Amino acid sequence: MGFFDKAKNFFGGHGLKVEITRLERQDPASVTFPIGDSVFKGNYRVIADKDCVVLSHLHEFLVRRKHPDGRVEDLVLGSDRHDENTDIIGGTIKWPYDLKGGAAVDDSFLIMDIDIPAGLTKLGFASADEGASSPQVSFHLRVSADVKGSPFDPSAESTVRVLT
């Protein structure tokens with residue numbers, strides 16, 4: 001075990017991995033999304049390397065702008081959270097949940113009220129088309145799992161190609 005692995009274990013490494021499996025019924029590596037759509041959905045899997053307790057799942061649709069000075073700005077356009085305050089009809093996960101090493105849990109999400117044009121305007125673009133076609137701009141879906149007792153929350157991210 002290397003130094004960083006030892007440090008991660010000492011500081012509460014989670015032993016958990018998040019894998020995005022489907023986005024908008026498409027392969028997450030090549031997903032497209034219309035600029036005027038306001039609902040984004042998908043599926044993912046949470047896999048444990050060692051026993052842990054998962055407190056929540058967070059799903060975020062965001063726009064990322066790289067500024068000429070090197071700064072990177074993320075703006076969350078919509079989010080969905082699954083936790084002890086969430087009652088999903090037909091859902092099988094009861095929060096928080098124990099996940100044994102080697103086990104996996106499948107979950108899905110639905111983010112509503114996404115307004116891409118408003119987000120691009122907030123980032124300073126004159127129009128949605130200008131912002132969406134800018135080489136400085138990219139769109140992403142990020143899924144995170146909050147693990148009890150760990151400062152390191154695992155996440156997965158997919159780039160989403162927005163169609164104008």
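When the helix-only estimate is applied to the chain (DSSP H runs of n ≥ 4, each -39,500 (n - 2.57), divided by the residue count), what is the mean residue ellipticity at 222 nm, nearest 500 deg cm²/dmol?
Numbers: 3 runs with 21 residues, N = 164.
One gets -3000 deg cm²/dmol as the mean residue ellipticity at 222 nm.
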Which of ALA29, LEU62, GLY101, positive extreme of dipole for the chain (C-beta unit charges): GLY101
Straight-distance crosslink candidates among aspartates and glutamates, where the alpha carbon sits under 12 Å from LYS100 and sequence neighbours closer than 8 are dropped: ASP49, ASP51
Volume per residue that the Cα convex hull of the chain spans, once the total is divided by residue count, Å³: 139 Å³
Per-q log10 I(q)/I(0), region 70-130, q = 0.16, 0.23 Å⁻¹ (Debye; single scatterer per alpha-carbon; no solvent): -0.73, -0.99
Label-point gap, in nm, between ILE89 and VAL72 - each point 7 angstrom along Cα→Cβ: 3.9 nm
Whole-Hz couplings from phi, Karplus 6.51/-1.76/1.60, listed for region 73-81; x for Gly and Pro: 10, 9, 10, 6, 8, x, 8, 8, 10
Unit charges at the beta carbon, dipole of the chain: most positive-side option, SER144, ALA48, PRO117: ALA48
Backbone N under 19 Å from the ALA104 label point (7 Å along Cα→Cβ), restricted to region 143-162: 143-146, 154-158
Distance violations [Cα-Cα > 19 Å] among LYS41/LYS94; LYS66/LYS122; LYS41/LYS148; LYS94/LYS148; LYS50/LYS148: LYS41/LYS94; LYS41/LYS148
Candidates PRO135, PRO96, PRO154: whichever shows maximal mean-square fluctuation once the chain is modelled as a Gaussian network with Cα springs under 10 Å: PRO135
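What order, most packed first, do the peptides 111-123, 68-80 have when packing is the mean number of other Cβ atoms within 10 Å of each residue? Could the numbers behind the result be given before it?
Values: 111-123: 16.5, 68-80: 12.5.
Peptide ranking by packing, descending: 111-123, 68-80.
Each value in this text was obtained by applying a stated rule to the coordinates, not by laboratory testing. Bear in mind the structure is a predicted one, so any value in this text is a computation, not a measurement. Neighbour counts are summed over all protein chains in view; Cβ atoms, including those assigned to glycine, are modelled from backbone coordinates with ideal geometry.
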